[in-house]
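The structure appears right after this line, and notes come after that.
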Amino acid sequence: MARFSLLVLAALIIAAAASSSWHRSAVEAAIVDGLLQVGFYDRTCPEAESTIREIVNTDKNNDPTIPAGLIRIFFHDCFVKGCDASILLDETPTPGEETEKQSPANGFTLNGLSTIDVAKSTIESLCPRTVSCADIVAFAARDAAVAAGHPGYPVAAGRRDGLGSLKSSLPGNLPGPGQGVGEITRVFVGKGMTQEDAVVLSGAHSIGGAHCFMFSDRLYNFSAGADVDPAMDPGYAGMLRTVCPAPGSPDGEDPENAPKVAFDARTEQRLDTSYFVEVLSRRGLLGSDNALAEDPGTRPLVEALARDVQLFHRKFAESMQKLGMVDVLVGEGNGEIRMDCRAVNTPGEQVPPTLPSDF
């Protein structure tokens, strides 16, 4: 079997035992075709998860923006072609075509790629040709969340890496910064996820930020009747206008060097509920953030998450686990275990079968 949708996964979910250290859910114990499971590398590479965790923590200590970047890489990978590490490839199978990395939705805004590179090279020195890049991305995203204050959650592994990456695969597969709840929901449902998952995973905006070009349309020439988006708190909008130049101005013509603004100015390095509080106060940075509070279908959940950090942590863990199972590649003959996350293996680089820990 090749790729599995969450509709198929639903039939394979089994109940999980409670854990004192991590939030557990039914998703954690899902096994896809007998290969995607928690503790997949317990026998074949027992140091894999702890090694990745140490690397993520080290990089986070040197650069506090790393956790947000790693979670974003995971999301952008899984929603385009599934969780197969295609976002990491530097070349496509067809010379001359552009990769996912080269899309405007990724490009220079990707942060954390070097962390994945270091994790892969380190793991290869410990357990050659064993741990997939797709699993490293999933582990690193979890460890990034923990480094930012989340209690943690188990990650089912056994994914294999894809063989291609195309920029043309992105349109329609990622929510846009200015989209409404209906459009965002359609994208999530198309991946076998839900509107609730969309709201909960937006909580990742409790850390990280966005460059001005992603939201400056809300600050200048918003509509015929309003220069600034009236849904945005005027004081917040005024502050943002002092940071972000108007589109089309000399200072607003270079996206790569545009200023970057934190999604959550109150606790921008902490994965907590402050983001939802800010959104309810009309201080959501992106139009898509603001839409969650304005839409009557999503506002009640935003309100619930804003006042209950434990609820947010539990829901976030569940949604991240579901995200990690979107269209995974499992089983021999489907994808490969890359030796370098940036390139597919050459024909001479034969990788032995990867078996689950209890084989």
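The values are calculated or read from the model by the stated rules, or taken from the named source; none is laboratory data. No experiment lies behind these values; they were computed from the predicted model shown. Don't worry about glycine lacking a Cβ; one is built from the backbone with ideal geometry, like all the others, and counts go over all protein chains shown. What goes into the accessible areas is simple: the full protein's heavy atoms, side chains included, and nothing from ligands, DNA or RNA. Shrake-Rupley method; radii C 1.70, N 1.55, O 1.52, S 1.80 Å.
How big is the stretch 170-212 by the Kirkwood estimate over distinct Cα pairs, in Å? Working shown, then result.
Values: mean 1/r = 0.0903 Å⁻¹.
11.1 Å is the Kirkwood radius here.
For q values of 0.27 Å⁻¹, compute log₁₀ I(q)/I(0) with the Debye formula on a Cα-only model of the stretch 192-251, without solvent.
Values, matching the q order: -1.11.
Using a 1.4 Å probe on the protein heavy atoms only, what accessible surface does residue 342 show? Give it in Å² to the nearest 10.
Here the residue's solvent-accessible area equals roughly 80 Å².
At 1.4 Å probe radius, can you tell me the per residue accessible area of the stretch 111-164 in Å²? Provide the component values of the computation, followed by the final result.
Numbers: 1150 Å² over 54 residues.
About 21 Å² of surface per residue is accessible.
Which ³J(HN,Hα) values, rounded to whole Hz and listed in residue order, are derived for the stretch 51-57 from phi using the Karplus coefficients 6.51, -1.76 and 1.60 in 6.51 cos²θ - 1.76 cosθ + 1.60 with θ = phi - 60°, glycine and proline given as x?
My calculation for the stretch 51-57 gives 5, 4, 4, 5, 5, 4, 5 Hz in order.
Can you work out the base-10 log of I(q)/I(0) for the chain at q = 0.09, 0.10, 0.16 1/Å, using the Debye formula on its C-alpha atoms alone?
Relative scattering, expressed as log10 I(q)/I(0), comes to -0.48, -0.60, -1.50.
Quick check: convex hull of the Cα atoms in the stretch 230-280, volume per residue, rounded to a whole Å³? Intermediate values should be presented prior to the final figure.
Values: hull volume 4.9 nm³, N = 51.
Spread over its residues, the Cα hull of the stretch 230-280 gives 96 Å³ apiece.
Please give the length that would be gained between residue 196 and residue 118 if that part of the chain were fully extended, namely 0.36 nm times their separation in residues minus their C-alpha to C-alpha distance (nm, one decimal). Mind dumping the intermediate values first?
Working: separation 78, 0.36 × 78 = 28.08 nm, distance 3.40 nm.
The residue 196-residue 118 span can extend by a further 24.7 nm.
At 1.4 Å probe size, what's the solvent-accessible area of residue 212? Round to the nearest 10 Å².
10 Å²
Once amide H atoms are placed 1.01 Å from N in the peptide plane, what residues at a sequence separation of 5 or more from residue 269, or on another chain, have their amide H within under 5 Å of its amide H?
Excluding prolines and chain starts, which carry no amide H, there are no hits.
With the crude spin-label approximation of a point 7 Å out along Cα→Cβ, what separation in nm comes out for residue 241 versus residue 265?
1.4 nm
Express in Å², to the nearest 10, the accessible area of residue 194 obtained by rolling a 1.4 Å probe over the protein heavy atoms while all chains stay in place.
Accessible surface of residue 194 is approximately 60 Å².
With a 1.4 Å probe and all protein chains left in place, how much of the accessible area of the chain comes from carbon and sulfur atoms, in whole percent? Provide the component values of the computation, followed by the final result.
Working: 7970 of 15020 Å².
After summing per-atom areas, the C and S share lands at 53 percent.
Which ³J(HN,Hα) values, rounded to whole Hz and listed in residue order, are derived for the stretch 149-164 from phi using the Karplus coefficients 6.51, -1.76 and 1.60 in 6.51 cos²θ - 1.76 cosθ + 1.60 with θ = phi - 60°, glycine and proline given as x?
Each residue of the stretch 149-164 in turn: x, 7, x, x, 6, x, 10, 6, 10, x, 5, 10, 8, x, 10, x Hz.
Would you please state the base-10 log of I(q)/I(0) at q = 0.20, 0.26, 0.28 1/Å for the stretch 135-186, with intensities from the Debye formula using one equal scatterer on every alpha carbon?
-0.97, -0.91, -0.92
At 222 nm, what value in deg cm²/dmol follows for the chain if DSSP H runs of at least 4 each add -39500 (n - 2.57) and the sum is divided by all its residues, to the nearest 500? Don't jump to the answer; show the numbers that get you there.
On the way: 12 runs with 129 residues, N = 359.
Computed ellipticity for the chain at 222 nm equals -11000 deg cm²/dmol.
So what's the angle, to the nearest 10 degrees on a 0 to 90 scale, between helix 309-323 and the longest Cα principal axis of the chain?
Taking the Cα atoms of the chain, the angle to 309-323 is about 50 degrees.
Could you let me know the centre-to-centre spacing of the stretch 171-186 and the stretch 55-101, using Cα atoms, in angstrom?
20 Å
Starting at the first residue of the stretch 301-306, write each ³J(HN,Hα) from the Karplus equation 6.51 cos²θ - 1.76 cosθ + 1.60 with θ = phi - 60°, in whole Hz, x for Gly and Pro.
So the Karplus estimates, Gly and Pro as x, are 5, 4, 5, 5, 5, 5 Hz.
Of 120/322; 167/191; 60/191; 101/260; 260/322, which sit over 26 Å apart, Cα to Cα?
Those over the limit are 60/191; 260/322.
Given the options 183, 268, 100, state which has the largest fluctuation in a GNM of the chain using a 10 Å cut-off (strictly under) for Cα springs.
183
When Lys and Arg each count +1 and Asp and Glu each count -1, what net charge do the other residues less than 12 Å away from residue 274, Cβ to Cβ, add up to? It would help to have the intermediate numbers written out before the result.
Values: positive: 266, 270, 283, 307; negative: 264, 268, 272, 278.
Neighbourhood net charge equals 0.
Compute a Gaussian network model of the chain, connecting alpha carbons closer than 10 Å, and tell me which residue from 202, 125, 165 fluctuates the most.
Checking each option, the largest mean-square fluctuation is seen for 125.
Given 25 °C and 0.890 mPa s, how large is the Stokes-Einstein diffusion coefficient of the stretch 65-129 in µm²/s, with Rh as the Kirkwood radius over Cα pairs? Please report the intermediate quantities before stating the final value.
Values: Rh = 12.7 Å.
D = 193 µm²/s.
May I ask for the net charge around residue 64, where only other residues with Cβ less than 12 Å from the Cβ of residue 64 are counted and Lys, Arg are +1 while Asp, Glu are -1? Could you put the intermediate results ahead of the total?
Values: positive: 60, 270; negative: 59, 63, 268.
Here the charged neighbours net out to -1.
Angle, helix 113-126 long axis vs. longest principal axis of the chain, Cα atoms, 0 to 90°, nearest 10?
The answer is roughly 10 degrees.
Mean projection of the alpha-carbon convex hull of the stretch 76-178 over all orientations, in nm²?
On the way: hull surface 30.9 nm².
With every direction weighted equally, the projected area is 7.7 nm².
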